Amino acid sequence: MAGVPESAVLPGAEPFDLRGAGTADAGAGPGAAGGDGGTGVLLVHGFTGSPHSMRPWGEHLAAAGLRVSCPRLPGHGTRWQDMARTTWQDWFGAADEAFGELSRTCERVFVMGLSMGGTLTLRLAEVHGARVAGAVTVNASLGTDRRIAVLAPLLWRVMPTVPGVAGDIRASGVREVGYARVPTRAFASLRELWAVTRADLGRIVCPVVAYRSVVDHVVEPTSGRLLLEGITSAPVEERLLHDSYHVATLDNDKETIFKGSVEFVTTQPEAAAR
């Protein structure tokens, strides 16, 4: 979508970059260099979502002394018409650029993502190998059992959108800043990302923690099975979430994810980044 201006960003959907409270002091935590050295975390939001779903997670990581970056993926956080002009290469390109920026200022970089952000997290681990110190996914998508999905490359010309998937949250009174409609053209490109990522799961060499909601109305258990079966060259651990739906980073189990990801980062040996 080069050269095509996007619409105004929705309130709450803005990208963020957090330096980590108190990290200027030596020994203040895993990111003690305050972004110049130390440890960084790249957060990647989901399909039709926005950085809004990642901000509480990012704030928790920053409070633990980590440098945190969460870009807004192209076409997201504005209106669905903008997303319809983008492809998975645009989304991956933005995540890859953010990873490169963190890598230039941090000694180690972990990547963590929700839903399609989890897919992009896995793709970054495939492409960059040991440069990714570790990966955490939350309800990562790698496929779907919905048979109509195979028609997406044809449907978008006659059916530009279908009902949205944002906001699958069990906790009452919690909303996600995302689209009420899914552009079918973008979904067709997501299916291409799934195929590319599934094919290269065996290339991942960094440790992976995969959180999966037992009840998820967006991503079926098939994706979790594909992830566990596909990662053959690195340690992978699945952790089940029993009190959250798809957007678990805003749901009842969010603290489990937040605390678990900090523990994951702090227990990884320095050699994991080399």
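Among the numbered criteria (1) surrounded by 15 or more Cβ atoms within 10 Å (Cβ to Cβ); (2) small (Gly, Ala, Ser); (3) under 18 Å from HIS128 (Cβ atoms), which single criterion is violated by ALA188?
For ALA188, the failing item is (3).
Give me the pairs: first residue in the stretch 4-22 and farther than 18 Å from VAL177 by Cα, second residue at pLDDT below 95 and open to solvent by less than 70 Å² (accessible area, probe 1.4 Å), beta-carbon distance under 6 Å, and six or more apart or on different chains, which are they?
Listed pairs, sorted by first residue: ARG19/GLY34; ARG19/GLY35; GLY20/GLY31; GLY22/ALA28.
Take ARG181 and tell me if it is touching a Leu at 6+ places or on another chain (Cβ under 8 Å) and either open to solvent by less than 50 Å² (accessible area, probe 1.4 Å) or charged (D, E, K, R) (or both).
Details: touching a Leu at 6+ places or on another chain (Cβ under 8 Å): no; either open to solvent by less than 50 Å² (accessible area, probe 1.4 Å) or charged (D, E, K, R) (or both): yes.
When the stated conditions are applied, ARG181 does not pass them.
For (1) surrounded by fewer than 18 Cβ atoms within 10 Å (Cβ to Cβ); (2) at pLDDT below 95, each residue gets a yes or a no:
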| site | (1), (2) |
| --- | --- |
| THR23 | no, yes |
| GLY37 | yes, yes |
| LEU42 | no, no |
| GLY46 | no, no |
| GLY49 | no, no |
| ARG55 | no, no |
| LEU66 | no, no |
| THR78 | no, no |
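Within the stretch 162-216, track down each residue that is among the acidic types (Asp, Glu) and outside any loop (DSSP other than H, G, I, E, B). If you could, list the steps in order and put the result at the bottom.
Of all residues in the stretch 162-216, those among the acidic types (Asp, Glu) come to 168, 176, 192, 200, 216.
Across the stretch 162-216, the qualifying residue is only GLU192.
Go through the stretch 229-259 residue by residue and tally those that are crowded, with 16+ Cβ neighbours inside 10 Å and either over 21 Å from GLY167 (Cβ atoms) or among the small types (Gly, Ala, Ser) (or both).
Let us first name the residues in the stretch 229-259 that are crowded, with 16+ Cβ neighbours inside 10 Å, namely 230-231, 234, 236, 241, 244-254, 256-258.
Applying the additional criterion that residues be either over 21 Å from GLY167 (Cβ atoms) or among the small types (Gly, Ala, Ser) (or both) yields 230-231, 234, 236, 244, 248.
Selection size over the stretch 229-259: 6.
Considering only the stretch 225-232, I want to know if a residue exists there that is in a loop (DSSP other than H, G, I, E, B), polar (S, T, N, Q) and more than 18 Å from the chain's Cα centre (by Cα).
The answer is yes, given that some residue of the stretch 225-232 is in a loop (DSSP other than H, G, I, E, B), polar (S, T, N, Q) and more than 18 Å from the chain's Cα centre (by Cα).
The values are calculated or read from the model by the stated rules, or taken from the named source; none is laboratory data. Because the structure is a prediction, the values reported are computed rather than measured. No Cβ is skipped: glycine too gets one built from the backbone with ideal geometry, and neighbour counts run over all protein chains shown. Areas reflect the complete protein model, heavy atoms only, side chains present, ligands, DNA and RNA absent. Shrake-Rupley method; radii C 1.70, N 1.55, O 1.52, S 1.80 Å.
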